[in-house]
Amino acid sequence: MKQTPESRPRAHLPPLFDLVRIREAFPILRRTVNGHPLIYLDNAATTQKPQGVIEVISRFYEQYNANIHRSVNLLGQLATQEFEEARAKVQRFLNAASAKEIIFTRGATEAINLVAQSFGRAFVQAGDEIVISHMEHHSNIVPWQMLCEEKGAKLRVIPIDENGELLLEEYEKLLTPRTKLVSVVHVSNSLGTINPVKEIIRIAHARGIPVLVDGAQAVSHMRVDVQDLDCDFYAFSGHKVYGPTGIGVLYGKEELLRKMPPWQGGGDMIASVTFAKTTYADLPNKFEAGTPDIAGAVGLGAAIDYVERVGLENIAAHEESLLQHATRRLQAIPGVRIIGKAARKTAVISFVVDDPPLSALDVGVKLDLHGIEIRTGHHCCQPVMDRYGIPGTARISFAMYNTIAEIDYVAEVLAKIVNEAAGKARPTPQVPRELIFPKPFAPSPAVAAAKLIETFDFLETWPERYQMILEFGRKLPPMPDELKTEANRVRGCQSTVHIAARKRPGTSDVLEFLADSDADLVRGLIAILQKVYSGQRVSDILSFDVENFFARLGLDKHLTLGRRNGLAAMVQRIRDLARQIAEEARQEEERLKEETQQRPAKSVSAGVS
Ligand code: PLP
């Protein structure tokens, strides 16, 4: 159709926000989860990808995959052109003064590590101080702790109030002539707080202190202008702004980047290399050693194009209405408490269920059964959880494709979960006076495992298996409160877990244990571990292949035994306790052997006399 001047889009008008079209652009939103349409509310962890981004990445590999910067061939030139075009898009996206100020990294984490290692190596000395805030993601804590340890510097922390807002007066007091850098999060991933970074930067600059802003949770929700903020560094990840994983950005002021040494050495970051001396490439290549994620950068460029087409202002307005609506709906559910009530928030609601007490883990698993994907736990912000005295929260986080209808559904399901839990509130178990440890479930862990695998084999779907785990948990033998001590606490679990073990009286190498958790799912897992391990010989416990067992139960996909998992922490504790008993048994055996070696000698001499 020929366009008349009236029908032609007018450049100065903001793009229209068409939620139906936006949802159509994200193919994953058409899938189901556990038999329900997917409701994806884990966007602070990672966002979904529009078809356009997926296609751009495929097209890169299909049509011009080649290495960049070092090629005279056409494909190499095309790949370089696309990669550098992506850099230019990021520059415009952040309104950086120059493309030299845009360094591609693996993500926000690597961007912060780059500054800690490079800036830190050059400018931080023993006795210096780095200021961060209490609401930082671990990726804006640990790199600074590592640097401080290496250099003998100190980490200072800006406190937060009950609403989850930074205490700016306290911040000012922390700044001293020894402060070498301030590093703060723009938007908190655990509380949703939007920090007054412009003000924070102004205060630091008045004292000549540079500032890094962790923008991992900001760039997909609001327009960021690094020149207006006047930040010295700004970090973000591609995957949280509708782009691929494995690519991220560090913005740095050119003047500062020039003064910083490279942090990784290798190809692409050099001007010339001889065995006598290497000179480094100009910015930004000086900080991009080795082959980067070229397709990732190109994909990020496409994601930025998409976000710009929808319009960040439109996205922000839509997400604000989602946040307001969800806050109202969640607050209206009795027993639900929102953690983080800052006056300026975006896209994140963290909550706990106090009455009846319901662990975040259980809330997350139950919502998942309805196709609702949220995140539970400490969200890589353990100090925030400690500040509120909770092990973790359930967190819903929004993106441009979420809808009011989805929130209404989540609120209904959550209210039902809370009501059901209230109806079934566990009566305080009658704890007997003496400790009652469960009888062994089978003659060995292997036989116990075989019996459990048989039971689970009958259950085909995850919801059925989940119900079975809950059923096991309901029959868990009670654990007296006096055993729930700090020493018996198992760290590394999302919920609160205690395990108390002993050597079975009358035996030298049999371990038995009681355990409990505030999460129903974890109580069920404890029951399974108890059936396998409790009442068994420690040698059998230590030789049992638990990973294979959970894989055979079909639970490994839902409950990975990875390093961050509470199940792994429980297994570890049980195995440690088994080792302890084995060691005691060994020592006892040695003592007895020594005694028997001495006894005949004595009796012989007695006989002689
Ligand atoms: N900073 C914040 C505030 C985050 O939320 C995250 C990720 O959740 C990160 C940094 C780290 O991002 P990435 O794991 O993509 O490097």
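The values are calculated or read from the model by the stated rules, or taken from the named source; none is laboratory data. Everything numeric here is computed off the predicted structure, so don't read it as measured data. As a convention, Cβ positions derive from the backbone with ideal geometry for all residues, glycine included, and neighbour counts pool all protein chains shown. Note: areas computed on protein heavy atoms with side chains; ligands, DNA, RNA excluded. Shrake-Rupley method; radii C 1.70, N 1.55, O 1.52, S 1.80 Å.
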**Fill in**
Given unit charges at Cβ for Lys, Arg (+) and Asp, Glu (-), the dipole magnitude of the stretch 472-529 about its Cα centre in debye, nearest 20, is 140 debye
**Asked** When ranked by the protection proxy of mean other Cβ atoms within 10 Å per residue, highest first, what sequence do the peptides 333-339, 25-31 form?
**Response** 333-339, 25-31
**Complete:** Of the accessible area of the stretch 313-423, computed with a 1.4 Å probe and all protein chains kept, carbon and sulfur make up a percent value of 52 percent
**Request:** Using a Förster distance of 35 angstrom, determine the FRET efficiency expected from the C-beta separation of Lys593 and Ile453, and round it to 0.05.
**Result:** 0.30
**Request:** Mind checking which of Leu452, Tyr171, Cys380 is farthest towards the positive end of the chain's charge dipole, using Cβ charges of +1 (Lys, Arg) and -1 (Asp, Glu) about the Cα centre?
**Result:** Leu452
**Item:** Within the accessible area of the stretch 40-141 (1.4 Å probe), percent carbon and sulfur
**Value:** 51 percent
**Fill in**
Here the percent of antiparallel bridges among DSSP beta bridges lying wholly in the chain, to the nearest 5, is 70 percent
**Request:** Mind putting a number on the dipole of the chain about its Cα centre? Charges go on the C-beta only, +1 for Lys and Arg and -1 for Asp and Glu, and I need it in Debye to the nearest 20.
**Result:** 400 debye
**Message:** What whole-number distance in Å separates the alpha-carbon centres of the stretch 289-358 and the stretch 164-181?
**Reply:** 27 Å
**Request:** Would you mind pulling out the separation of the Cα centroids of the stretch 516-556 and the stretch 461-499, in Å?
**Result:** 11 Å
**Solvent-accessible area per residue for the chain (1.4 angstrom probe, square angstrom)** = 47 Å²
**Asked** 222 nm [θ] for the chain, helices only, -39500 (n - 2.57) per DSSP H run of 4+, per residue, to 500?
**Response** -13500 deg cm²/dmol
**Request:** May I ask you to list the lysines whose Cα is less than 28 Å away from that of Lys593, ignoring any residue fewer than eight positions away on the same chain?
**Result:** Lys503, Lys602
**Item:** Accessible-area composition of the stretch 230-311, carbon plus sulfur, in percent [1.4 Å probe]
**Value:** 54 percent
**Request:** Just list whichever of Lys341/Lys366; Lys173/Lys341; Lys253/Lys341; Lys151/Lys253 have alpha carbons separated by over 28 Å in the model shown.
**Result:** Lys253/Lys341
**Item:** Dipole of the chain, positive end: most advanced residue of Val546, Ile304, Ser359 [Cβ charges, Cα centre]
**Value:** Val546
**Message:** When 1/r is averaged over all different Cα pairs and the result inverted, which Kirkwood radius in Å belongs to the stretch 216-290?
**Reply:** 14.2 Å
